[in-house]
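All remarks here apply to the structure that follows.
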Amino acid sequence: MDFRALVAGMDDVIFGVLGDTALFPDLEQPVRGMFAAPWRDPQVGRLNTQLREPRFVVRPADADLVEEGQVITVQLPAPDGGDYDVVRKEPDGTGLVALLLRPRP
């Protein structure tokens with residue numbers, strides 16, 4: 001077994017047990033990933049902006065199934081669950097892809 005196959009097997013277990021689910025456009029099955037909404041909180045002068053940057057981290061093959069500007073539905077309880085616009089995709093440095101999100105009004 002090569003290294004990539006070993007890592008793919010580990011990803012299957014980790015995403016299957018610990019992952020969150022999201023619905024992607026045109027897919028019947030939910031996609032498993034990891035949702036996070038860290039506070040960035042950059043300061044502008046003395047004003048704390050308290051910005052959140054929600055993201056849904058998925059495997060590259062799953063990231064290929066969604067385009068920037070599409071809507072995904074994260075299946076979590078409030079305040080994190082709901083509909084989000086995919087703003088952009090970026091590698092997260094671990095072989096996965098982070099979908100950077102914007103909450104829909």
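So the values come out like this:
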| item | result |
| --- | --- |
| Single residue of segment 18-47 satisfying the filter (in contact with a strand residue (DSSP E or B) (Cβ under 9 Å, 6 or more places away or on another chain) and among the basic types (K, R)) that is modelled with the highest pLDDT | R32 |
| Within segment 51-100, tally of residues that are part of a loop (DSSP other than H, G, I, E, B) and acidic (D, E) | 6 |
| Of all residues in segment 48-66 being modelled with pLDDT of 90 or more and among the hydrophobic types (A, V, I, L, M, F, W, C), the one that is surrounded by the fewest Cβ atoms within 10 Å (Cβ to Cβ) | A61 |
| Some residue of segment 83-102 being of a type outside the set (S, T, N, Q), touching a Ser or Thr at 6+ places or on another chain (Cβ under 8 Å), more than 21 Å from A5 (Cβ to Cβ) and surrounded by 12 or more Cβ atoms within 10 Å (Cβ to Cβ) | yes |
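The values are calculated or read from the model by the stated rules, or taken from the named source; none is laboratory data. Here the structure is a predicted model, which means the values were calculated and not measured. Counting neighbours? That spans all protein chains shown, and the Cβs are built from the backbone with ideal geometry, glycine included.
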